[in-house]
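What follows is a short report on a single structure.
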Amino acid sequence: MHAIRSVAVNVFKESVRDRVPYNLVLFAVLLISSSYLLGQLTAGQDVKIVKDLGLSATAVFGLFIAVFIGIGLVSKEVERRSIYPLLAKPVSRPQFIAGKYAGLVLTLAVNVAVMTIALYVVLGYMSWMEPAAVRASWDAPGPDPRLLKAIALIFLELMLVTAIALFFSTFSGPLLSAALTLGLYIVGQFNADLKNFDRVVNSKTAIWLARGAYHVLPDLSAFDVKTQVVHGLPVSSGYMLATTGYAAVYIAALLLGAVAIFSRRDFK
Amino acid sequence: MTATARHAALVAAACAALGAAVALQLARDRWYPRSDIQAAEILYVRSPAAMQRLALDHDSLLADVYWIRAVQYYGGNRLAPQLRKHHYELLYPMLDITTSLDPHFNIAYRFGAIFLSEEYPGGPGRSDQAIALLRKGLAARPDKWQYYLDAGFVNYFHLHDYRAAADWFSRGARLPNAPNWMPPLAAATLAKGNDRASSRFLWRQLLDSDQAWLRNAATRALQQLDALDQMDRLEEIVRRYPPPMGQPHSWIGLIRRGVLAGLPVDPTRTPYDIDPETGRVALSPSSSLNPMPFDTARQAR
């Protein structure tokens, strides 16, 4: 456990050294400036748009961190040859993978937490500035606690994308890992369509293949409840629980796969 | 040259290059002006389904972008100089994409219907598209009595189909969350059709809107209705106190005879016109209340 923690803390420190937290400043500037500009551009709905922007920006910034740091987690160590002294120490290969993953998840958690606070501050300010009559016309209150449900699912999605990036990082270079991770991310958004493949083709084989792909590929569209929470529509606890469970087992499968590949890898 | 001096020189050179780029851009825009209107009025993707695919899981944010584009497009064309032809062809496709990306985008249905039904040149005058947009909204949110109210509003003011308007109002009134003034509104619309009391009642509902421009539109419409009432009363006075034989109808004549205390003015403080021959009262052409809404009561006279 100590070895995992050491590796994780090291990944986190390295991300800070790589100036990853700078994206938080960009996020805050984006939110504050957009909340002012939107008031000039649109007829109403400023708060809805700031919520949409905040949630989407959290997802996009997080995605970039997960992909572009995740793909280098293992391959960078191999390229720099820093993997040799690391594995010579009492750090097993599974601990190394788990530590790398935990470190990036910690980085993402800090980022998402700060972005969430910034979003609530901006929404709170906008809510405070508007008269009660205007606030009453909103679908949902400004700093709505239900937003946390969408943020929680965004974070789970990012954890899953990180696991995908790490998985690819164990056997391929950064460029190929980035392409594969982003490719899988995009496929994951359309995954739900594979379920209904029988509506567009008649071939039984094609339908079974599509069904198989639907179950094997990550179903990332399930993590998107942004529209519902922004409009104050209910997202059941059962759905949250089922999606969390899905993320947990899928991440476990990817990490186990990553460990399996990495354990057999020869660095000579 | 020391390292610090070299660094300062590099920063200064970078700033100078950036300044030169800005100057060149300004000069190029002056020498070769670009048509911003053309660039703004292109709709690259017209298919809502395709746009939903392209949005990945950011459909809600993309809906906001399309909503802002729709507002800017409508506002830009509406406020365009009189000489330029007003174009509104892309308004419905933009609103269609907005509401397909986010089917719960309440304001896009409500304001979109108002934008679409406005008569040309203030809007495209497409009440059919306004109703289609509201029907789409009702398919997504059947509990929204406001969409029924808006559809009735479009039928009442733009299509002058009072039976259809009353039907929309009464369907909305049947919803459990509908306000208690909707059933009498449906009944009054069906019974009286185009009467000013019903119009006034409808516009008063919009006075409570959270949007300033909608409140302003409602205030102006209510002032127009007040002006119609005032003109009716003034014509009644003109009829009751005709001018002496051989003299024209005039406000001065009525003031001198003590019938009026002063020049009668409309709600924007602009004096009314009076026809010297017939005594018919009308808004001054300089009044900001022009053009007046269709009014069968005055039209009949």
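How many residues, within region A:121-160, are over 30 Å from A:L180 (Cα atoms), within 10 Å of chain B (Cβ to nearest Cβ) and not aromatic (F, W, Y)? So the answer is 8.
Comparison of A:T181, A:T162, A:T244, A:T205 shows that the only residue that is β-branched (V, I, T), loosely packed, with under 15 Cβ neighbours inside 10 Å and in contact (Cβ under 8 Å) with a residue 40 or more places away in the chain is A:T244.
Among the residues of region B:217-228, at least one is surrounded by 12 or more Cβ atoms within 10 Å (Cβ to Cβ) and within 14 Å of chain A (Cβ to nearest Cβ).
If A:I154 meets every condition in (1) within 30 Å of A:F96 (Cα to Cα); (2) at pLDDT below 90 apart from one, which number is that one? Condition not satisfied by A:I154: (2). Kindly establish whether B:L138 is in contact with a Leu (Cβ under 9 Å, 6 or more places away or on another chain), in a helix (DSSP H, G or I) and in the same structural domain as B:L56 (by TED's automatic domain parsing). Considered against the rule, which asks whether it is in contact with a Leu (Cβ under 9 Å, 6 or more places away or on another chain), in a helix (DSSP H, G or I) and in the same structural domain as B:L56 (by TED's automatic domain parsing), B:L138 comes out as no.
Sub-6 Å Cβ pairs linking a first residue in region A:210-223 that is away from chain B (no Cβ under 14 Å) to a second residue that is at pLDDT 85 or above and surrounded by fewer than 16 Cβ atoms within 10 Å (Cβ to Cβ), at least 6 apart or interchain, are A:L217/A:V187, ordered by first then second residue. Restricting A:T170, A:T227 to residues that are surrounded by 14 or more Cβ atoms within 10 Å (Cβ to Cβ) and free of Cβ contacts under 8 Å to residues at least 40 places away in the same chain narrows the list to A:T227.
Can you say whether B:A187 is without any contact (Cβ under 8 Å) to a residue 12 or more places away in the chain, in contact with a helix residue (DSSP H, G or I) (Cβ under 9 Å, 6 or more places away or on another chain) and of a type in the set (G, A, S), as far as the supplied structure shows?
Against the criterion (without any contact (Cβ under 8 Å) to a residue 12 or more places away in the chain, in contact with a helix residue (DSSP H, G or I) (Cβ under 9 Å, 6 or more places away or on another chain) and of a type in the set (G, A, S)), B:A187 does not qualify.
The values are calculated or read from the model by the stated rules, or taken from the named source; none is laboratory data. Quantities reported herein were computed from a predicted structural model and do not represent experimental measurements. Counting neighbours? That spans all protein chains shown, and the Cβs are built from the backbone with ideal geometry, glycine included.
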